[in-house]
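Note sheet for the following structure.
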């Protein structure tokens, strides 16, 4: 049967695939729209399979919170090229996945991939869109925070995003400054007490080995190493870090200057470039 421009436009609206892909699918399906959609999905699976070993290092990292600001999520949708990463349809796909995460609050990335979106699981939808873009796409990261107040921050044209949660509502600009601090300074934990024990032990051993290489005796090594560890905590934990907008105060002091009772309860950071 003859395939009209109206038919092609209709399938394009249904699938998001290119005009020529839609025309070819309709021709192969003899005008059957359901079969044409299946053909486009199959093409997506084929492309995903062929490009499974490709590096999908570009993409979009985005974050947002729900309406009351008490739940936030970060997702990373990867692709192969910056050209696709900046495509409006690709960004819209990432935003639709993020909105679903905000609505459903899945516990893990696997749960998010299994949720239904546009009549498919998120995993299958991402695979289908591989056929539309011609590139390997993958949802590689999902993080979430929930507390009395959560602030999102997106940096570098969707290349990096953070979330920070607080024990109570706090001035939005102050909260955003803290989220920017997380983006810029890559802290590993909120404070000394929340730093993983294995990280602390590793840094302690590094400090001791450095002192031994300097020729210090074992007695001196044991005395000096904890001081080096304190320097590590100051540089690598959020509240102890120098505040990026005023290095004369720590992040903790900055927060307390705005609200003495507010506490940071968690943060999430994800970047394409790390």
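Details
- Residues located in the stretch 96-131, provided they are at pLDDT 95 or above, within 18 Å of residue 13 (Cα to Cα) and part of a helix (DSSP H, G or I): 96
- Test: residue in the stretch 132-152 that is in a helix (DSSP H, G or I) and crowded, with 22+ Cβ neighbours inside 10 Å: yes
- Matching residues in the stretch 66-84 - criterion: being assigned to a helix (DSSP H, G or I) and either in contact with a helix residue (DSSP H, G or I) (Cβ under 8 Å, 6 or more places away or on another chain) or under 28 Å from residue 169 (Cβ atoms) (or both): 84
- Search result, residues across the stretch 181-197 that are within 12 Å of residue 162 (Cα to Cα) and in a loop (DSSP other than H, G, I, E, B): 186, 187
- Residue 63 meets the stated requirement of being crowded, with 16+ Cβ neighbours inside 10 Å, within 26 Å of residue 165 (Cα to Cα) and touching a helix residue (DSSP H, G or I) at 6+ places or on another chain (Cβ under 9 Å).
Table: residues versus (1) more than 29 Å from residue 157 (Cβ to Cβ); (2) more than 25 Å from the chain's Cα centre (by Cα); (3) part of a loop (DSSP other than H, G, I, E, B).
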residue: 230; (1), (2), (3): yes, yes, no
residue: 234; (1), (2), (3): yes, yes, no
residue: 248; (1), (2), (3): yes, yes, no
residue: 253; (1), (2), (3): yes, yes, no
residue: 261; (1), (2), (3): yes, yes, yes
residue: 266; (1), (2), (3): no, no, no
residue: 269; (1), (2), (3): no, no, no
residue: 273; (1), (2), (3): no, no, yes
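The values are calculated or read from the model by the stated rules, or taken from the named source; none is laboratory data. As the structure is a computational prediction, the values presented were derived from the model and not from experiment. Glycine gets a Cβ as well: all are built from the backbone with ideal geometry, and neighbour counts include every protein chain shown.
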